[in-house]
Amino acid sequence: MRIVDLIEKKKKGLEHSKEEINFLIDSMMNGTAEDYQISAWLMAVYFQGMSAEETANFTEAIINSGEKIDLTPIGSHIADKHSTGGVGDKITIILIPLLASCGVPVAKLSGKGLGHTGGTIDKLESIPNFRTELGIEELIEKVKKIGVAIGSQTKKLTPADGKLYALRDVTATVDSMPLIASSVVSKKIASGADFVVLDVKYGSGAFIKTPENALKLSELMVNTAQKLGRKFNAVISSMEQPLGRMVGNSLEIIESIEFLKGNFTPDIKELTYAIAVLTLVHLGIAKDENHALEMLDNAIKSGAALEKFKELIQSQGGDDSVIDDYSKFKQPAFKYELKSEFDGFVKNIDAYKIAYACKLLGAGREKKSDSIDFSAGVELRKIYGEKVEKGEVLAVLYSDSEEKLESALQGVRSAFDFCPDKPAHRTMVYKII
């Protein structure tokens, strides 16, 4: 068996056997396959695709390239969640303590972000002294003790995915559905949870632009997981506009804390509750959807969810006083209040333009070695459907540099679209798979 023969086979649109896929991954990992050969194969997959069976076999081979976490010491029902990424997407940070306060053990591994803002780990590390570098045994012990822990992804899990993604990133093959599906599903299965909800986003602020393509990807990931003996659900949600009011790192932690205090925007509540309800009902903690909604409301109103987040911060060495004193976060050196030039209602806020502005402000990174400004970002004082009068503040930009503020300002200004009458209510969730 030769790699060149597998490239030729896929170039013609033929299907690989399980043995061929295992040979491909093994050859990549032991160095007998050159990067340019794997790159050629990835491009062939990009144009020819993979069958459902191939995708499952490819996913399994990636899982088997590294260690797998055994979470059975925690219990028999461990939940996890994955998002395909969005603008102002702080759902994980809210969901974890909310589920844990309802009795769901959550052992979460997340990554740092590339692009407009940091990932979940970056956002949590904006909390002073919060520690995300946890060994697997330590992660498990923390979950056994308080019901929840979140750590940085380890390179020991799915190392083949890391190699593949590095090549996909420089060969313009990132947006291949079978390659996306295998990457996401392999990491989630290797992480040990037995029930996973995928938040698959579409729109201007997501890499998938249409709900139809988000549906295709969701079905592929759910079916791939099923073929490998795991139960996944997918919630397909809109990312045409930013989630909530805050886009940044510490800004999104602040908005997450506000949610747990009972102060939230409708879009964040709809999406968070949709994922939480699926989890509670599937694991048998809630008897039905109404029971699950009641449990979630009680967790917020009683303060149990906020207290669980406080426990999480304490458990991982962070300064839990940030919950009541937001000045404990890194403070921006400069800010700019963008005021409206119009009367009317907010019709749309372009998620991509806000995302790009945040990147210019210093909230994101181009490469993994870049530093990140935890205080940078955009606060949306007005969001979809809200009434605006001329002279009111639409948004506040934060950064460590006046020059960065100036470079980002036009993008934020042009992101807003207005209409004379209040627009119709919009729902976040397109479909659940």
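The values are calculated or read from the model by the stated rules, or taken from the named source; none is laboratory data. Remember, predicted model here, so these are calculated numbers, not experimental data. Here the Cβ is made from the backbone with ideal geometry for all residues, glycine too, and neighbour counts use every protein chain on show. Ligands, DNA and RNA are excluded from the accessible area calculation, which covers all protein heavy atoms including side chains. Shrake-Rupley method; radii C 1.70, N 1.55, O 1.52, S 1.80 Å.
What the table shows:
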| quantity | calculated |
| --- | --- |
| Wholly within segment 150-255, helices (runs of 4 or more DSSP H) carrying at least 2 residues that are of a type outside the set (A, V, I, L, M), open to solvent by 10 Å² or more (accessible area, probe 1.4 Å) and closer than 22 Å to residue 41 by Cα | 159-170, 177-190 |
| Residue list for segment 378-433, filter: surrounded by 18 or more Cβ atoms within 10 Å (Cβ to Cβ), among the small types (Gly, Ala, Ser) and over 26 Å from residue 214 (Cβ atoms) | 395, 399, 408 |
| Residue in segment 19-63 that is farthest from the chain's Cα centre (by Cα), counting only those that are touching a residue at least 40 places away in the same chain (Cβ under 8 Å) and open to solvent by 80 Å² or more (accessible area, probe 1.4 Å) | 35 |
| Matching residues, segment 368-377, being surrounded by 10 or more Cβ atoms within 10 Å (Cβ to Cβ) and small (Gly, Ala, Ser) | 375, 376, 377 |
| Top-ranked residue of segment 406-424 - restricted to ones that are hydrophobic (A, V, I, L, M, F, W, C) and in contact with a Gly (Cβ under 8 Å, 6 or more places away or on another chain), ranked as nearest to residue 390 (Cα to Cα) | 418 |
| Filter result for residue 279 (among the polar types (S, T, N, Q), more than 11 Å from residue 102 (Cβ to Cβ), touching a residue at least 12 places away in the same chain (Cβ under 8 Å) and surrounded by 17 or more Cβ atoms within 10 Å (Cβ to Cβ)) | no |
| Selection within segment 296-311 - open to solvent by 40 Å² or more (accessible area, probe 1.4 Å) and either free of Cβ contacts under 8 Å to residues at least 24 places away in the same chain or β-branched (Val, Ile, Thr) (or both) | 297, 298, 302, 310 |
| Conditions (1) open to solvent by less than 10 Å² (accessible area, probe 1.4 Å); (2) modelled with pLDDT under 90; (3) closer than 28 Å to residue 327 by Cα: number failed by residue 115 | (1) |
| Lone unmet requirement of (1) part of a helix (DSSP H, G or I); (2) of a type outside the set (A, V, I, L, M, F, W, C); (3) touching a Lys or Arg at 6+ places or on another chain (Cβ under 9 Å) for residue 36 | (3) |
